[in-house]
Ligand SMILES: Nc1ncnc2c1ncn2[C@@H]1O[C@H](COP(=O)(O)OP(=O)(O)OP(=O)(O)O)[C@@H](O)[C@H]1O
Ligand SMILES: [Mg+2]
């Protein structure tokens, strides 16, 4: 070997060594957890899901969480109506591969973002495997952009809504103290329990007259779900009936922004605090994020 070649070899060896040392000494890149996917649902309609979704998103965002709302109420999408914002594009544009995920993210108040569903879900089932894979791949960018994704579903016990519930890592089930709302909530829990008894279902009682009325409803639901379905429900809190909510809806503004001192806003902040604590203490974030959620979702919908 010539002198020159020998020198070159030494330089390369040194370089390799340096790289190896650097690799060992370099601080580990912070591990980004996948986003928590929380589906907000109810048995009966009109119980306050959309208002809870929006105001919870705002409360979580004010606590430093990066929150994206996915409006999955494809029949009557109304996150945009309650925000008073008209989105330019919807999820449909992503499904049709016309826009990328960044282009369909609309800015909401307090640093929240939302994606309007459009009439997307029907089109999702029409896609072939390759198109679905591309869609899921595209959407999984959301894991990098959000800590929490809140999915607002339509009401009811339909297959589509059930698919969203079954696919989510965490479920927030909303009921009012009305007996019809409670029995429909129970029916939904039963449907979930038929598919998966391990899912975390948290219950919110909305529009109750008092905290004791709300706690009665929560306790009863927890008891019957445990006894008859073998499902452990977690009380997530309550929101009292509050005229500020009605007024804010008419103004097309989130109540926690226009009436931050209202009872409803205080209640939502309590729920948000609890969600953050629970999320940190349990293993929820060890999931597959948006990718896992959507893969399960399209799997359920194809059946
Ligand atoms: N805590 C509350 N106090 C008073 N009124 C409330 C409260 N929560 C909700 N409402 C009323 O209920 C209406 C329905 O709320 P919202 O649209 O959030 O329900 P939803 O469950 O999303 O309905 P849908 O099933 O049609 O999607 C609101 O417009 C408001 O008038
Ligand atoms: Mg709604």
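The values are calculated or read from the model by the stated rules, or taken from the named source; none is laboratory data. It should be emphasised that the depicted structure is a prediction, and the values quoted were computed from it without experimental measurement. No Cβ is skipped: glycine too gets one built from the backbone with ideal geometry, and neighbour counts run over all protein chains shown.
Residues are listed down the side, and each one gets a yes or a no for (1) more than 30 Å from residue 123 (Cβ to Cβ); (2) buried (at least 16 other Cβ atoms within 10 Å of the Cβ):
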{"position": "230", "(1), (2)": "yes, no"}
{"position": "236", "(1), (2)": "yes, yes"}
{"position": "258", "(1), (2)": "yes, no"}
{"position": "272", "(1), (2)": "yes, yes"}
{"position": "290", "(1), (2)": "no, yes"}
Inset, instruction - Keeping to the range 34-51, report how many residues are within 9 Å of ligand 1 (Cβ to nearest atom), surrounded by fewer than 24 Cβ atoms within 10 Å (Cβ to Cβ) and more than 16 Å from residue 272 (Cβ to Cβ). - result: 3
Inset, instruction - Within the range 83-103, identify whether any single residue is within 16 Å of ligand 2 (Cβ to nearest atom), in contact with a helix residue (DSSP H, G or I) (Cβ under 7 Å, 6 or more places away or on another chain) and under 23 Å from residue 33 (Cα atoms), and answer yes or no. - result: no
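Of the residues in the range 139-169, how many are within 17 Å of the chain's Cα centre (by Cα) and either under 18 Å from residue 95 (Cβ atoms) or within 16 Å of ligand 1 (Cβ to nearest atom) (or both)? It would help to see each step written out before you state the result.
From the range 139-169, those within 17 Å of the chain's Cα centre (by Cα) are 139-155, 160-169; that's our starting set.
Pick out the ones that are also either under 18 Å from residue 95 (Cβ atoms) or within 16 Å of ligand 1 (Cβ to nearest atom) (or both) and you get 139-142, 149-155, 160-165, 167.
Result for the range 139-169: 18.
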Inset, instruction - Could you list, in sequence order, all residues of the range 161-172 that are within 14 Å of ligand 2 (Cβ to nearest atom) and touching a helix residue (DSSP H, G or I) at 6+ places or on another chain (Cβ under 8 Å)? - result: 164, 172
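Okay, residues lined up against (1) at pLDDT below 95; (2) away from ligand 1 (no atom under 16 Å from the Cβ):
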{"site": "1", "(1), (2)": "yes, yes"}
{"site": "20", "(1), (2)": "yes, yes"}
{"site": "64", "(1), (2)": "no, yes"}
{"site": "80", "(1), (2)": "yes, no"}
{"site": "93", "(1), (2)": "yes, yes"}
{"site": "110", "(1), (2)": "no, yes"}
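Which residues, counting only those in the range 24-62, are modelled with pLDDT under 85 and either assigned to a strand (DSSP E or B) or under 24 Å from residue 144 (Cα atoms) (or both)? Lay out the reasoning, then the answer.
So in the range 24-62, the residues modelled with pLDDT under 85 come out as 24-33.
Listed by number, the residues that qualify are 26, 27, 28, 29, 30, 31, 32, 33.
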